[in-house]
Amino acid sequence: MAIVNTEFIKNISCSGKFNASACMSCGTCTALCPMEINTLPRLMFRHVMLGLESKVIENTENVFSCLLCKMCEESCPSNVHIAENIKCIRQYINQEIFKLGRS
Amino acid sequence: MSTDRKIGVFICHCGGNISDYVDVDKVRDAVEKEPGVSIAKTTMFACSDAAQQEIIEDIRKEGLDGIVVASCSPKLHLLTFRAMAERSGLNPYQYVQVNLREQCSWAHRSDMQSATEKGIHLVRAGIAKAALCDPLTDMRIETIPKVLIIGAGVSGLRAALTLSDLGLAVFLVEKSDRVGGWTGKFGKMFSQNLIGEEVIEKLLGEVKQRENVTLFTSAKLIEKSGRVGDFSVKVQTRNDETISLDVGAIIVATGFDPYQPAEEEFGYGLKGVITLPEFKQLLDGSNGEILYEGRKIRDIVYIYCVGSRQDEDEESSNLYCSRYCCTSAVHTALLAGEKDAGLNQFHLYRDMRTYGKQELIYEEARIEGSVFIKYDDYDLPKVEYIGDKLRVMVNDLLIGGEEVEIDADLVVLVTGMVPRENDELTSILKLPIGLDGFYNEIHPKLRPVETVIDGMYIVGTAQGPKTMAESVASALSGVSKSASLLMKGYVDLEPFIARVNTEQCKWCDKCTEACPYDAIEKIFCEGKEVASIIPSLCKGGGACIPVCPEDAIDLEGYTDAQIKSMIEALVKDEETN
Ligand code: SF4
Ligand code: SF4
Ligand code: SF4
C-alpha cells in the first residue's frame with residue numbers, strides 16, 4: 001500500500017523535456033532494453049507519476065544501470081524522452097541520496 | 001405421389017463447401033427419379049453468372065414449371081435465384097431453395113455418409129414443396145412520401161432536415177416541451193469542441209424554416225397501424241388533441257438515459273462523489289479555478305466504466321461498453337486542465353477505448369499530465385472517507401497490481417448510457433428489444449438501422465450507445481433507408497399472406513382474436529358471413545391458421561398441403577445405396 005504523492009513528480013522534472021506522463025505503458029521499451037531489467041524504464045516512470053518515492057529509491061541501482069543507449073526511445077510510440085527522463089531521476093537520486101550538488 | 005409437374009433440381013458444390021462433406025452426385029442420383037423431376041444436375045457454383053444462364057436455358061428448353069436449387073442459406077441467395085427464375089420466364093414463387101450448406105454440409109463435417117443421407121431428404125422435401133407451388137404475384141403498395149420521426153434530439157433533428165432536403169414531408173414528434181435531447185444540455189463536446197446547445201439551436205432554426213417539417217413538442221405517439229409504405233399513426237399533442245397522420249416510414253430517435261449510480265456505488269452519495277454529466281455541468285459553470293461546494297478542487301479521480309461492462313454474474317447488469325464515456329472523460333479532463341493548470345487528474349480505467357481519431361485526445365491528456373491507472377474488471381476501486389479525507393483505493397495493474405491510495409477532492413464517476421424507459425412507445429411500435437435493452441437492429445454491422453418491421457428504423461442512441469457524430473451518421477443512414485424506400489413510390493411485398501376458403505368458413509370469429517395485426521374482417525359472401533383477409537395488413541404470421549376449427553385458412557407459400565408433403569418427403573424410407 002502506498003499513498004500517491006502529487007508533489008513528487010514536480011521535484012523530478014529537472015528539465016522542460018521531462019515527459020514521463022506521456023507514456024501509455026505499452027512496454028515496448030522494457031522488451032527492447034539490452035539490460036533486461038523489469039523495472040527499466042517503464043515502471044520507473046509509473047513510480048514517478050504516482051509519487052512513490054521509496055520505490056524510486058529502492059531502484060537506484062537499476063536507474064544507474066541504464067546505458068542511455070536510447071534503443072527504447074527510438075521505438076517508443078508515445079515519443080517519451082526516455083533517456084532524458086532517466087537522467088532526471090538520476091539527478092534527483094544524486095541530490096537526495098548521494099547528497100551531490102546540482103550539476 | 002404422382003404429379004404432372006416438370007421440376008428441375010440443381011445441386012450446388014459451392015466450390016467444396018458442400019461437396020467436400022455431402023456427396024452431391026449421390027444426392028442427384030437419389031432424387032432424379034422423384035415424381036415430377038424432369039431434370040437433375042450438379043453445378044460448381046450455382047450463383048455464378050454462367051451457371052445461372054445454364055439453369056435459365058434448362059428451364060426454357062425443358063419447359064420447367066418449378067425449380068429447386070440446393071445450395072446455401074436462403075438468406076444469401078433466395079433473391080438471386082428468384083430473379084433468375086423471373087428472367088427465365090418462370091414465376092419467381094415457383095422456385096424453392098434448399099439449404100444444403102449451413103444446415104447440412106457445414107453442420108456435419110465429420111460424417112459424410114449421414115450428411116449425404118440428410119441432404120437427400122432435404123432435397124426431396126424441396127421437390128415436394130415445388131410440386132405444390134402455384135404462381136403468385138407480389139403485392140404492390142403505393143408509398144406515402146412522408147416520414148414520422150419520434151424524438152427531436154440531435155439525431156431526430158438532423159434526420160428531419162435531410163429528409164426535407166430530399167423533398168419528403170416530416171412529422172417530428174418530441175415528448176418533452178423542448179427539443180435537443182441530451183446534446184442540447186451539453187457545453188463543449190469532443191472532438192471539435194462544438195457546443196451542444198449551439199448545435200441544437202442551429203438545427204432547430206433550420207427546421208423551423210422548412211415548410212415540409214412539422215414539429216410537435218409535448219406530444220406522443222398513441223397508436224400505430226398499417227405497414228411499410230403506408231402506416232397510420234395517432235399523435236396526442238400538447239392540448240390533448242389527437243391528430244391522425246399517414247406516413248410511409250417511421251424513424252425512432254428516442255435517445256438514451258445517463259446511467260444513475262446506486263447509492264454507495266463507488267461511494268456515490270458521499271460528499272465529493274459526482275457523475276460525469278454532473279461534473280461537466282460544474283465545469284461549464286466555472287471560470288478559472290473549479291469550486292465544489294465552495295472549496296477549490298485540486299486532485300480529481302475519475303473512475304471509468306461506471307454502469308457499463310458490469311459483472312455478468314449479477315442480474316440486471318449492463319454488460320455493454322457505452323463507447324462514448326472514455327473519450328468524454330478524457331475530453332472533460334482536458335477542459336478542466338484548461339481552466340486550471342494546477343489540477344492533478346487520475347483516471348482509473350479498465351481499457352482505454354478512445355478509438356479512432358479520439359486517440360489523439362488521449363495522448364494529449366497524457367502529455368498534459370493526466371495519470372492513467374488500470375484496474376482489474378473483478379477488482380474495483382473503493383471510495384471512502386478516512387477521517388475528513390475522501391480517499392480512493394485501487395490496485396494498479398500497471399505496477400503489478402499493487403495497491404495505491406489517492407486523496408481526492410473530487411471523485412468523478414464516468415457513467416455510461418442506459419436505454420430510455422419507453423415501455424408505452426415500445427409496445428405501440430412492437431419493436432424488439434436487444435440483449436442490452438436498446439432497440440434491436442437486424443444486424444449490428446450490416447443492417448444497423450433496420451428493424452424486423454419493414455419501414456421502421458432506429459437511429460442514434462435509441463439503438464445503442466454512440467457519440468454525437470456516430471448518432472448523426474446513424475440518423476443519416478436512417479434517412480437514406482427511408483428515402484430510398486419512399487422515393488420509388490411503391491413497394492412490392494411478398495405475397496405470403498393468409499387466404500380464407502369461404503366455403504369452409506363458418507365465421508366463428510376465432511381467427512380475428514388470434515391475429516395481432518387486425519388483418520381479418522367479416523364480409524358477406526354468397527349469402528353468409530365469412531372471414532376475409534385484408535392483404536395490406538396481413539403479415540403472413542399465420543397465427544390464425546391453427547385456431548381455425550374448420551381448417552379454412554391457408555398461408556400462401558406455406559400451405560398445409562405443402563408442409564405435409566414436405567414432412568412426408570423428409571421421413572420417407574429409402575434405399576439410398
Ligand atoms: S515504449 Fe514509450 S509508451 Fe511504451 S511503455 Fe515505454 S516509455 Fe511508455
Ligand atoms: S536507454 Fe536505458 S532503458 Fe533505454 S534501452 Fe538503453 S539501457 Fe534500456
Ligand atoms: S467507453 Fe470506456 S468508460 Fe465507457 S464503458 Fe467503454 S471502456 Fe468503459
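The values are calculated or read from the model by the stated rules, or taken from the named source; none is laboratory data. Since the structure is predicted, the reported quantities are computational estimates derived from the model, not experimental observations. We place every Cβ from the backbone using ideal geometry, glycine too, and count neighbours over all the protein chains shown. SASA here: full protein model, heavy atoms, side chains in, ligands and nucleic acids out. Shrake-Rupley method; radii C 1.70, N 1.55, O 1.52, S 1.80 Å.
Do we have B:Asp165 as in the same structural domain as B:Tyr457 (by TED's automatic domain parsing) and open to solvent by 30 Å² or more (accessible area, probe 1.4 Å) here? Yes. Within the stretch B:396-419, the residues that satisfy the criterion of being surrounded by fewer than 19 Cβ atoms within 10 Å (Cβ to Cβ) and facing chain A (nearest Cβ under 10 Å) are B:Leu397, B:Gly400, B:Glu402, B:Glu403, B:Glu405, B:Asp407.
Checking each residue in the stretch B:236-282 for being in contact with a Gly (Cβ under 7 Å, 6 or more places away or on another chain) and assigned to a loop (DSSP other than H, G, I, E, B) picks out B:Gly248, B:Ala253, B:Thr254, B:Gly255, B:Tyr259, B:Pro261, B:Glu263.
Taken together, A:Lys17, A:Lys70 contain a single residue that is closer than 21 Å to B:Ala341 by Cβ and basic (Lys, Arg), which is A:Lys17.
The residue that is nearest to the other protein chains (Cβ to nearest Cβ), counting only those in the stretch A:36-52 that are within 14 Å of ligand 1 (Cβ to nearest atom) and over 12 Å from the mean Cα position of the chain (by Cα), is A:Asn38. All conditions in (1) modelled with pLDDT of 95 or more; (2) more than 10 Å from chain A (Cβ to nearest Cβ) hold for B:Asn422, with the sole exception of (1).
Scanning the stretch B:202-222 turns up no residue that is in contact with a strand residue (DSSP E or B) (Cβ under 8 Å, 6 or more places away or on another chain), at positive phi and outside any loop (DSSP other than H, G, I, E, B). If you filter the stretch B:324-354 down to residues that are more than 12 Å from ligand 3 (Cβ to nearest atom) and of a type in the set (Asp, Glu), you find that the one that is least open to solvent (accessible area, probe 1.4 Å) is B:Asp340.
Yes or no, residue by residue, for (1) in contact with a helix residue (DSSP H, G or I) (Cβ under 6 Å, 6 or more places away or on another chain); (2) surrounded by fewer than 22 Cβ atoms within 10 Å (Cβ to Cβ); (3) polar (S, T, N, Q):
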| position | (1), (2), (3) |
| --- | --- |
| B:Asn212 | yes, yes, yes |
| B:Thr217 | no, yes, yes |
| B:Ser225 | no, yes, yes |
| B:Phe231 | no, no, no |
| B:Val235 | no, yes, no |
| B:Glu241 | no, yes, no |
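Condition (residue is outside any loop (DSSP other than H, G, I, E, B), touching a helix residue (DSSP H, G or I) at 6+ places or on another chain (Cβ under 8 Å) and outside the structural domain of B:Lys374 (by TED's automatic domain parsing)) applied to the stretch B:296-304: is it met by at least one residue? No; the residues of the stretch B:296-304 include none that is outside any loop (DSSP other than H, G, I, E, B), touching a helix residue (DSSP H, G or I) at 6+ places or on another chain (Cβ under 8 Å) and outside the structural domain of B:Lys374 (by TED's automatic domain parsing).
In the stretch B:439-479, of all residues being closer than 17 Å to B:Leu172 by Cα and hydrophobic (A, V, I, L, M, F, W, C), the one that is most open to solvent (accessible area, probe 1.4 Å) corresponds to B:Leu476. Those helices (runs of 4 or more DSSP H) of the stretch A:1-71 in which 3 or more residues are free of Cβ contacts under 8 Å to residues at least 60 places away in the same chain, within 16 Å of ligand 3 (Cβ to nearest atom) and over 22 Å from B:Leu397 (Cβ atoms) are absent.
Checking each residue in the stretch A:1-32 for being more than 9 Å from chain B (Cβ to nearest Cβ), at pLDDT 95 or above and buried (at least 20 other Cβ atoms within 10 Å of the Cβ) picks out only A:Cys29.
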